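Just below is one structure, and these are the notes that go with it.
The values are calculated or read from the model by the stated rules, or taken from the named source; none is laboratory data. All figures in this text were calculated on a predicted structure; none of them were measured in a lab. Using ideal geometry, Cβ is built from the backbone for each residue, glycine included, and neighbour counts are taken over all protein chains shown.
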Amino acid sequence: MNAVLATDFQRHLGELRRAVRNHQYEQTPSGIYFNKLHATAAGVFEHWLNGEDHRVDPNVFALTGLDTLFTTGLTAGSYYLAPYSTNIAPTSALTAATFPGTQGEFTNYTETARVPWVKDGYASNQLLTNATTKAVFTANTGGGTVYGIGMTNTPTKSATSGTLIACAAFAASRILQATDTLTVQYTLTLTTS
């Protein structure tokens, strides 16, 4: 598979938007596959506990997130990461309104708001990522268990407004003790076959 250049992505954006609007795509374990374009949009959340034990988990795109993804390409606006503490696999039907309650948003971290996803922009390998400035969550006293993470465009912890972009269940939960750090990177790609 080849990464789609940023200019190619822009050139095909109209086709991708139509495919999303007309539900002409299929969810696969590796992302969203667009049959007519032979292209896959995929995202992965990478995470580390205290800077160690690197893990990678593919996301599920929320339907509302797909609309945003193919309207702005995530290049406009601000986005935030929100861990969750309920052992429930996310579905594409999740929304920003249902995410905090359904997934049990984890808020027991010292940062006063959801942690920003600071985009690097399109890197030389044509990824949209926050690899340079990863999001870091520092557990408060009491810690807790984190089962996954979501991405939204609203910074307030437990907010039910805005748009949920994507969500991923971790392959194995992360148990956080006071002062533990959970570091998260989100990478979005569009590849062709």
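Of the residues making up the range 21-64, just one is in a loop (DSSP other than H, G, I, E, B) and touching a His at 6+ places or on another chain (Cβ under 7 Å), namely L37. For L164, state whether it is in contact with a helix residue (DSSP H, G or I) (Cβ under 6 Å, 6 or more places away or on another chain) and among the hydrophobic types (A, V, I, L, M, F, W, C). For L164, the condition - in contact with a helix residue (DSSP H, G or I) (Cβ under 6 Å, 6 or more places away or on another chain) and among the hydrophobic types (A, V, I, L, M, F, W, C) - is met. In the range 167-193, the residues that are surrounded by fewer than 16 Cβ atoms within 10 Å (Cβ to Cβ) form Cβ pairs under 8 Å with partners that are β-branched (V, I, T) and not in a strand (DSSP E or B), at six or more places apart or across chains, as follows: A178/T141; T192/V4.
Among the residues here, A166 qualifies as hydrophobic (A, V, I, L, M, F, W, C), within 16 Å of Y186 (Cα to Cα) and at pLDDT below 95.
Annotation: of all residues in the range 20-61 being aliphatic (A, V, I, L, M) and in contact with a helix residue (DSSP H, G or I) (Cβ under 8 Å, 6 or more places away or on another chain), the one that is farthest from A82 (Cα to Cα) is L37. Of everything in the range 82-127 that's at pLDDT below 95 and not in a loop (DSSP other than H, G, I, E, B), which residue is surrounded by the most Cβ atoms within 10 Å (Cβ to Cβ)? Restricting to residues being at pLDDT below 95 and not in a loop (DSSP other than H, G, I, E, B), the top hit is Y122.
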